[in-house]
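The values are calculated or read from the model by the stated rules, or taken from the named source; none is laboratory data. Treat the numbers as computed from the prediction; the structure is a model and nothing was measured. Positions of Cβ are backbone-derived with ideal geometry, glycine not excepted, and every protein chain shown enters the neighbour counts.
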Amino acid sequence: MSASSRSLTKSNRLFSGVGYYGNFLNSPVKIGDIFQVDGNEHIKLGNIQQLTTGISIKEFIEQSNEANFKFTSGKSFEINFGVNAELKLAKGEVLINFKSNSSAFVSLNDAKVSVLSIGMIEDKLKAYWKSKGYDQAGNRRNYIIVSSVIESVSGTVIFSEEKNNKVVLKASTDEEIKSIKALGSGQFEYVSNTKATLEIISPKTIQPLYRALWIRANGKFDIVS
């Protein structure tokens, strides 16, 4: 599995517009985990069920059926598949051109989405937040709870902090690549990039994305976005 930073610090990067963090650290993440946010790093404090008594979440977690999952986060993308002499792409190669800052490309195969029905524990969670001071003005954005996790049997996730970044991937098989869906297999090698990226490329089971909630001034939990 490749998860190298290529000069970017490995971190949990928020994909703007979709409200999911990229788990580039490949850390085990569970629904109910509470993190202290320090820049782009998430410091795990524990799971809500371990940190306090009286809150059980297992019965309030729902899971989707398996499905192929793909999206882009950013204003503009350009994707080309080899063979392309003009772009110097060979058979089995893919060029992804990130044309805007803080952009993400995601293609996952057989992904399952698990989601917590936060309303079922909101009052108890709010009381815990208040007891720890997490609801205070200076802390609200600094403490979050994981409310959704995506797991897939394979996939490709790439984050580019800068625009005009051209990333080339090559299939580790002999097949010709013709669609974004093929990237969900994770059977690719990183060939080159013009600027720094974060990436997860794996043909094995991964947990690449998760969503988290923070508490607003009105006492309501909302998606970090």
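Tell me yes or no: at least one residue of the range 196-214 is modelled with pLDDT of 95 or more, within 23 Å of N40 (Cα to Cα) and in contact with an Asp or Glu (Cβ under 6 Å, 6 or more places away or on another chain). Yes, that holds for at least one residue. Going through (1) touching a residue at least 40 places away in the same chain (Cβ under 8 Å); (2) closer than 27 Å to L198 by Cα one by one, I55 falls short only on (2).
Listed conditions (1) farther than 20 Å from E151 by Cβ; (2) at pLDDT below 95; (3) in contact with a Leu (Cβ under 8 Å, 6 or more places away or on another chain); (4) among the polar types (S, T, N, Q) are all met by Q36, apart from (2). Residues in the range 168-182 that are touching an Asp or Glu at 6+ places or on another chain (Cβ under 8 Å) and farther than 17 Å from N109 by Cα: V168, L169, K170. On the basis of being under 18 Å from G186 (Cβ atoms) and in contact with an Asp or Glu (Cβ under 7 Å, 6 or more places away or on another chain), does E66 make the cut? Yes; evaluated as a whole, the condition is true for this residue. Among the residues making up the range 9-28, those that are hydrophobic (A, V, I, L, M, F, W, C), under 17 Å from S107 (Cα atoms) and part of a loop (DSSP other than H, G, I, E, B) are V18, F24. For the range 215-225: of the residues being touching a strand residue (DSSP E or B) at 6+ places or on another chain (Cβ under 8 Å) and of a type outside the set (A, V, I, L, M), which is modelled with the lowest pLDDT? Checking each candidate, the answer is S225.
Residues that are touching a Lys or Arg at 6+ places or on another chain (Cβ under 9 Å) and assigned to a strand (DSSP E or B) within the range 49-68 comprise Q63, A67, N68, listed in sequence order.
If you go through the range 81-97 and pick out every residue that is part of a loop (DSSP other than H, G, I, E, B) and either surrounded by fewer than 19 Cβ atoms within 10 Å (Cβ to Cβ) or free of Cβ contacts under 8 Å to residues at least 40 places away in the same chain (or both), you end up with 7.
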